[in-house]
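Encoded as structure tokens, the structure appears first; notes follow it.
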Amino acid sequence: MNAAKRRELVSGKVVAITGAARGIGFATARAARQAGAQVVIGDIDTVAAEKAGIDLDVPALPLNVTERGSFDAFLDGVESACGPIDVLINNAGIMPLGPVDEVGDAEAVRCVDVNLHGVMLGTKLALRRMLPRGRGQIINIASIAGVTPAPGLALYNASKAGVVAFTEATRMEVRDRGIQVGAVLPSFTSTELTSGTTTPKGQRSLDPSEVASGVLDMIARPRPQLTVPRALAVAVRLGAFYPERLKRAIYHRVGVDSIFLEVDRTARAAYDARIHGDR
């Protein structure tokens, strides 16, 4: 879709984005703003959110996606500032890494709570506003990791697989009631989530702006699912038919069997500290 057509379809929409103080959320907010949308961002890191709001010249509100009261207050704030929400983008997420047996219980609970329950909660609360109006769109940022499990990524894989399934079931449930629901599945992206890791061999790490462009395409032309980059969707579908021996060989060749286990913890220390705390 060309930029002019996309801008025509996005301009004027009220777009709320969670976890938008940095990374893919920030890039999406910037792209939507440039396309003429009325954007409001939310993030649990209120200091970073305030800075992002100033940088983007958009309202920035506190938001803990795991708490109903906080999420409802965020949606109230969006509608108070800009009017009825046209698009909710559930983007907030965290990515703990490491062997399954070394992951603490609290870390596992937090991963599922933010990545999956946060999406479920935001979707439910948004639908209660959108369904009576008979219009609206919800875009859930999943991940290619939701359909391609990897060693060292089990928690994240599980949470994002849940997002993929939840999104599709919800889409089927409300598709005839005027509401569009879909998932965006980015591949390896250069954000804090991947700090301390290496990019799989033969694969280019995406810039967040590339994922943001895909999200805007989803707003302009809703569909059930969009993989970024789009060409990867074919490889993923074909991979489902590969025998186990071939899958293992491919994983080893590109390094996916080890890159999430052999992590540079020093390079990742700041991110780990932030996702394990309140910020």
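The values are calculated or read from the model by the stated rules, or taken from the named source; none is laboratory data. Note that the structure is a prediction, hence the values are computed from the model and not measured. Positions of Cβ are backbone-derived with ideal geometry, glycine not excepted, and every protein chain shown enters the neighbour counts. Ligands, DNA and RNA are excluded from the accessible area calculation, which covers all protein heavy atoms including side chains. Shrake-Rupley method; radii C 1.70, N 1.55, O 1.52, S 1.80 Å.
Some points to look at:
- Length gained when the stretch R133-L261 is fully extended (0.36 nm per residue, less Cα-Cα span): 41.4 nm
- At the listed q of 0.19, 0.20, 0.28 Å⁻¹, the Debye profile of the range 36-91, built from one uniform point per Cα, gives log10 I(q)/I(0) equal to -0.62, -0.69, -1.28.
- Extreme residue, positive dipole direction of the range 2-103, given options I41, A73, A31 (C-beta unit charges): A31
- Dividing the C-alpha radius of gyration of the range 172-211 by 2.2 N^0.38 Å, with N its residue count, gives 1.74.
- With K and R counted +1 and D and E -1, the other residues having a Cβ less than 11 Å from that of G152 yield a net charge of -3.
- Approximate spin-label separation V254-D76, in nm, with each point projected 7 Å along Cα-to-Cβ: 4.6 nm
- For the range 77-143, the fraction of 1.4 Å probe accessible surface lying on carbon and sulfur atoms is 56 percent.
- Heavy-atom accessible surface of the chain, averaged per residue, reaches 46 Å², computed with a 1.4 Å probe.
- Portion, in percent, of the accessible area of the range 1-69 that falls on carbon or sulfur, probe 1.4 Å: 50 percent
- Extent along principal axes [Cα atoms of the chain; Å; largest to smallest]: 52, 38, 32
- Calculated diffusion of the range 138-210, Stokes-Einstein form, Kirkwood radius summed over Cα pairs, 10 °C and 1.306 mPa s, µm²/s: 118 µm²/s
- Computed [θ] at 222 nm, deg cm²/dmol, the chain (DSSP H ≥ 4; -39,500 (n - 2.57); rounded to nearest 500): -15000 deg cm²/dmol
- Peptides ranked, highest mean first, by Cβ atoms within 10 Å: ranges 231-243, 176-188, 121-133: 176-188, 121-133, 231-243
- Share of carbon and sulfur in the accessible heavy-atom surface of the range 188-279 [1.4 Å probe, %]: 57 percent
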